[in-house]
Amino acid sequence: MSSGKNIVILGAGESGVGAAYLAQKQGYDVFVSDFGAIAGNYKKQLEGWNIPFEENQHTEDVILKAVEVIKSPGIPEKAPIVKKLRERNIPVISEIEFAGRYTDARIIGITGSNGKTTTTSLTYHILKNAGLNVGLAGNIGKSFAYQVATEKFETYVLELSSFMLDDMYSFKTDIAVLLNITPDHLDRYEYKMENYVASKFRITQNQTAKDYFIYCADDPETIKGMPERSFAAQLLPFSIQKKVEPGAYLEDNQIVINTHQQHFHMSIAELALQGKHNIYNSMASGIVAKLLDLSDPVLRDSMSNFKNIEHRLESVGKISGISFINDSKATNVNSTWYALESMTSDVVLILGGVDKGNDYSMLKDLVRQKVKAIVCLGKDNKRIHDAFENDVEIIVNTYSAQEAAQVAYHLAEKGDTVLLSPACASFDLFKNYEDRGNQFKMAVKEL
């Protein structure tokens, strides 16, 4: 029996399969189409729910008859099928936009070029410890759509990438967090920074005077982008460089958080997450907690006992006095800059992979100060050699995680750190950044 409401889902990963389930539950006729192969676990789920799907192709006759299309964030605007949908004015939306229609939970949305997974995880950790009925979704964990279909959470903490925000129109966050904006994914934005900036600011769209926008007052691109936009929400900045009220700032090595009603302070020495960038992440999460009136002891406990996510500055162990750190999640130059900035010893740096038009110049000072050797891990390492040949004496090419770990181990001495922080995407030699990180951890264990 046809409901006359045909919805097509492009991409059968976590978000697509979750969206398919929710759409079916809401009475749509659902068809899932993936231009690549669909992973076994997702195929099983779709079969179990009797949702028709195809893989390794897009059948245009079916797709172009949809009333609406939910697109995976990984599919670029320039994909032929997306162009054809646009020509026919068929709405193309994200899974987040679709799922948002079917929940009236409070939404905390977190975006930024760097730190979003950490800040989203920390915020969720604080809220859950405080006893809130809270879900974690977006770029992390189970899909938002699937949770909306199967759970009854009253609050969601969502990690939102620029690609997700691009396909969101009527969706609204009650609390929006923008951590920073630095050049990333410019290949998807016609290599124009202003397009990428506009995408990030979409997190504030549809907000009202009852909502909140939390942002970094020290971030040049954010501050540059604000005067040309209007914000209906209440603004709460955070800063390490100056006192901002209401908002969060640093005073005598204490984080101070002042929202309109609440006042909180905590020594940065007590924070579970160390390094300057993590002070920002902790401030953003802390402001959210105080907006929700969470108690100081709960907030202090959660900020001091949080365990960071895998593949983000993750300690892998010590061998012969050499520390090994897995920061495989660093897929852009900024993330690697943050990683190097938090190092306190000499470093053997493992860099490389698929370069998204990286500008390595911002790393040069830190590389000169801290890095004794660079081990390249990628198919084509020419741009790394060109960028750093005058800054570091040793640059070596390797073509597997195992080889990279072994070479780095031999170049390092007692007291040094071997840091895998590639500044590049991973799909030249690995399935994804997790696979790269896991192979590196295995290789370290075998040394």
ask   = Per-residue ellipticity at 222 nm for the chain, helices alone: DSSP H runs ≥ 4 residues times -39500 (n - 2.57), over residue total, nearest 500 deg cm²/dmol?
value = -9500 deg cm²/dmol
remark   = Rounded to a whole number, the Stokes-Einstein D of region 223-300 in µm²/s (Kirkwood radius over Cα pairs; 37 °C; 0.692 mPa s) is 251
query = Roughly how big is region 1-138's charge dipole about its Cα centre, with Cβ charges of +1 (Lys, Arg) and -1 (Asp, Glu), in debye to the nearest 20?
reply = 340
ask   = Which listed residue (S345, N334, G321) has the Cα farthest towards the positive end of the charge dipole for region 317-364, taking +1 on Lys and Arg C-beta and -1 on Asp and Glu C-beta about the Cα centre?
value = G321
ask   = When the dipole is taken about the Cα centre of the chain, and only Lys, Arg (+1) and Asp, Glu (-1) are charged at their Cβ, what size is it in debye, to the nearest 20?
value = 500
ask   = Order of 70-82, 433-445 by packing, highest average Cβ count within 10 Å first?
value = 433-445, 70-82
request  = Assuming R0 = 35 Å, can you tell me the calculated FRET efficiency for the pair S345 and K445, based on Cβ-Cβ distance, to the nearest 0.05?
outcome  = 0.95
ask   = Can you give me the Cα centroid spacing of region 186-209 and region 353-409 in angstrom?
value = 31
task = Could you list the chymotrypsin sites (Phe, Trp or Tyr not before Pro) in region 72-139 that lie in coil according to DSSP, counting only those with at most 14 other Cβ atoms within 10 Å of their Cβ?
result = Y102
Chain lengthening between R229 and D104 when straightened (0.36 nm per residue, less Cα-Cα) = 42.3 nm
Residue (of A232, A99, A425) at the positive-pole extreme of the chain, dipole from beta-carbon charges = A99
message = If I model a spin label at I319 and I394 as a point 7 Å from the Cα along the Cα→Cβ vector, what separation in nanometres do I get?
response = 1.5
query = Hey, got a sec? Which GluC sites (Glu not before Pro) in region 185-264 land in a DSSP loop and have at most 15 other Cβ atoms within 10 Å?
reply = E190, E228
task = Assuming a ≥ b ≥ c are the square roots of the Cα gyration tensor eigenvalues, decide whether region 304-447 counts as rounded (a/c under 1.5), prolate (otherwise, with a/b larger than b/c) or oblate.
result = rounded
key: Amide proton proximity set for G317, modelled H, under 5 Å, gap of 5+   = F324
message = So I have (1) 363; (2) 127; (3) 151, and one of them is volume of the Cα convex hull per residue in Å³ calculated from this model. Which one is it?
response = (3)
message = Probe radius 1.4 Å, ligands and nucleic acids ignored: give me the carbon and sulfur share of the accessible area of region 281-387 as a rounded percent.
response = 47
request  = Report the relative contact order of region 342-422, percent, no decimals, based on alpha-carbon pairs under 8 angstrom and at least 6 residues apart.
outcome  = 44
message = Under a crude label model (7 Å from the Cα following the beta-carbon direction), how far is S267 from V62 in nanometres?
response = 6.2
request  = For I93, enumerate residues with amide H under 5 Å from its amide H, sequence gap 5+ or separate chain, H modeled in the peptide plane.
outcome  = V69, I70, K71
ask   = Toward the positive end of the charge dipole of the chain, about the Cα centre and with charges on Cβ (Lys, Arg +1; Asp, Glu -1), which of I51, M266, Y215 goes farthest?
value = I51
task = Please give the peptides 318-330, 29-41 ranked by average Cβ packing (other Cβ atoms within 10 Å per residue), highest first, as a rough proxy for protection.
result = 318-330, 29-41
task = Quick one: which residues, 5+ away or cross-chain, put their amide H under 5 Å from the amide H of V177? H built at 1.01 Å from N.
result = G109, I110, T111, I214
ask   = Label points 7 Å out from Cα along the Cβ direction at H385 and E251: separation in nm?
value = 5.5
request  = Could you tell me whether region 83-133 comes out rounded, prolate or oblate from its Cα gyration tensor? Rule is a ≥ b ≥ c as square roots of the eigenvalues, rounded for a/c under 1.5, then prolate if a/b exceeds b/c, otherwise oblate.
outcome  = oblate
key: Whole-number accessible area per residue in Å² for the chain, which is evaluated in the context of all protein chains at 1.4 Å   = 42
query = Which whole-number percentage describes the relative contact order of region 314-366, with Cα contacts under 8 Å and a sequence gap of 6 or more?
reply = 31
key: Percentage relative contact order, the chain, counting C-alpha pairs under 8 Å, at least six apart   = 11
remark   = In debye to the nearest 20, the charge dipole size for region 33-99, taken about the Cα centre with +1 at each Lys and Arg Cβ and -1 at each Asp and Glu Cβ, equals 160
task = Once you have the Cα-Cα distance between K44 and E77, take 0.36 nm times their residue separation minus that, and quote the gain in nm to one decimal.
result = 9.0 nm
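The values are calculated or read from the model by the stated rules, or taken from the named source; none is laboratory data. Note that this is a predicted model, so its numbers are computed, not measured. Every residue, glycine among them, receives a Cβ derived from its backbone with ideal geometry; neighbour counts consider all protein chains shown. Heads up: the accessible areas ignore ligands, DNA and RNA and are worked out on the full protein's heavy atoms, side chains in. Shrake-Rupley method; radii C 1.70, N 1.55, O 1.52, S 1.80 Å.
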